[in-house]
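Just below is one structure, and these are the notes that go with it.
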């Protein structure tokens, strides 16, 4: 990864039971699978997930171990700030989550940790240990 490239991530403010902060796509998928979305939002979610699947590679489709908890513990996806359509789409998912009371935060970094996957729009990295 080029040094100094800005990365963006939208994630849950509150950690889950494993202490991780899931990203907006995972959070929205969880709401949809649990049946919490209205019909209108369910249709929006399905249409936009299909759009994302067609437009961008799923890192786990390229490397099935990219999110493996043993191999890459705590791995997180970050979007390159230059990937403006993808960042805008993530913000739309954040607005969806906000309607359901799921608080999200937008994070920015130039050092996501140990990079385990990257392509032209995203980076998956294992955060550096704290301390």
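Observations, loosely collected:
- For segment 109-126, the candidate set comprises residues that are under 14 Å from the mean Cα position of the chain (by Cα) and assigned to a loop (DSSP other than H, G, I, E, B); within that set, the residue that is surrounded by the most Cβ atoms within 10 Å (Cβ to Cβ) is 112.
- Filter pass, residue 57 being touching a residue at least 60 places away in the same chain (Cβ under 8 Å), assigned to a loop (DSSP other than H, G, I, E, B), surrounded by 12 or more Cβ atoms within 10 Å (Cβ to Cβ) and more than 15 Å from the chain's Cα centre (by Cα): no
- Filter pass, residue 35 being in contact with a helix residue (DSSP H, G or I) (Cβ under 9 Å, 6 or more places away or on another chain) and exposed (fewer than 14 other Cβ atoms within 10 Å of the Cβ): yes
- Considered as a group, the residues in segment 81-94 that are in contact with a strand residue (DSSP E or B) (Cβ under 6 Å, 6 or more places away or on another chain) and under 15 Å from residue 6 (Cβ atoms) include one that is surrounded by the fewest Cβ atoms within 10 Å (Cβ to Cβ), and that residue is 81.
- Residue 71 vs. criteria more than 29 Å from residue 43 (Cα to Cα) and in a loop (DSSP other than H, G, I, E, B): yes
- Filter result for residue 71 (modelled with pLDDT of 95 or more, within 17 Å of residue 126 (Cβ to Cβ), surrounded by fewer than 17 Cβ atoms within 10 Å (Cβ to Cβ) and more than 16 Å from the chain's Cα centre (by Cα)): yes
- If you check 55, 95 for being modelled with pLDDT of 95 or more and closer than 19 Å to residue 10 by Cβ, only one passes: 95.
- Matching residues, segment 87-108, being in contact (Cβ under 8 Å) with a residue 40 or more places away in the chain and assigned to a loop (DSSP other than H, G, I, E, B): 100, 102, 103
- Against the test of being in a strand (DSSP E or B), surrounded by 14 or more Cβ atoms within 10 Å (Cβ to Cβ) and in contact (Cβ under 8 Å) with a residue 12 or more places away in the chain, the options 10, 5 yield a single qualifying residue, 10.
The values are calculated or read from the model by the stated rules, or taken from the named source; none is laboratory data. Here the structure is a predicted model, which is why all the values come from computation and not from measurement. Virtual Cβ from ideal backbone geometry, glycine too; neighbours counted across all protein chains shown.
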